[in-house]
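Trainee: My questions will all concern the structure given below.
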Amino acid sequence: MYNASKAAVRSFARTWIVDLKGRDIRVNVLSPGYTDTPGLSHFMTEEEKAAVVATVPLGRIGTPDDLGKAAVFLASDDSAYVTGIELFVDGGAAQI
């Protein structure tokens, strides 16, 4: 169900860029990987986190700040010509 929901969000974004054309509204999807939050510690042991880190090309779990910076980029004028994308903020994990 989780993967189907993520696919639906990506599909919405790609559909909405056409529906919102001409209204100066950009639609993008931010797809985070494992993120070191207090909640993650409730679901994963330190050993499980270490196993995850071994699968991430950048060699670490993301931080809320990593996600925030990506969101700020998408909301800023620096991404004024970016729409309909899925930005993976996962240390490269989705690319392997």
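The values are calculated or read from the model by the stated rules, or taken from the named source; none is laboratory data. The model shown is predicted, which means the values in this text are computed figures rather than measured ones. Ideal geometry is used to build each Cβ from the backbone, glycine not excepted, and the neighbour counts take in all protein chains shown. Ligands, DNA and RNA are stripped out before the accessible areas are found, and what is left, the full protein with its side chains, is counted by its heavy atoms. Shrake-Rupley method; radii C 1.70, N 1.55, O 1.52, S 1.80 Å.
Trainee: For the ranges 87-94, 19-26, what's the packing order if you count other beta-carbon atoms within 10 Å of each residue, average per peptide, and put the highest first?
Mentor: For the peptides 87-94, 19-26, the packing ranking is 87-94, 19-26.
Trainee: Could you list which residues have their amide H under 5 Å from that of residue 31, counting only those 5 or more apart in sequence or on another chain, with H placed in the peptide plane?
Mentor: 87, 88, 89
Trainee: Which three lengths, in whole Å and largest first, does region 1-82 cover when its Cα atoms are put on their principal axes?
Mentor: 50, 31, 23
Trainee: Moving on. Where only protein heavy atoms count, and the probe is 1.4 Å, what is the accessible area per residue for the chain in Å²?
Mentor: For the chain, the solvent-accessible area averages 71 Å² per residue.
Trainee: Also, I was wondering about something else. I'd like the carbon and sulfur percentage of the solvent accessible area for the chain, probe radius 1.4 Å, heavy atoms only, ligands and nucleic acids excluded.
Mentor: Carbon and sulfur together cover 60 percent of it.
Trainee: Report the residues of region 53-96 in range of a label on residue 24: point 7 Å along Cα→C-beta, backbone N strictly under 16 Å from it.
Mentor: Under cut-off, by backbone N: 75-82.
Trainee: Given a cut-off of under 8 Å on Cα pairs at least six residues apart, what relative contact order in percent is computed for region 1-90?
Mentor: Worked out over region 1-90, it gives 43 percent.
Trainee: Something else now. Suppose R0 equals 25 Å; then what is the FRET efficiency for residue 79 and residue 1 from their Cβ-Cβ distance, rounded to the nearest 0.05?
Mentor: So, using R0 = 25 Å, E works out to roughly 0.25.
Trainee: Keeping all protein chains in the complex and leaving out DNA, RNA and ligands, what accessible area do you get for residue 47 with a 1.4 Å probe, in Å² to the nearest 10?
Mentor: Its heavy atoms expose roughly 140 Å² to the probe.
Trainee: So between residue 52 and residue 37, what do we pick up on full extension, going 0.36 nm a residue minus the alpha carbon distance?
Mentor: 4.0 nm
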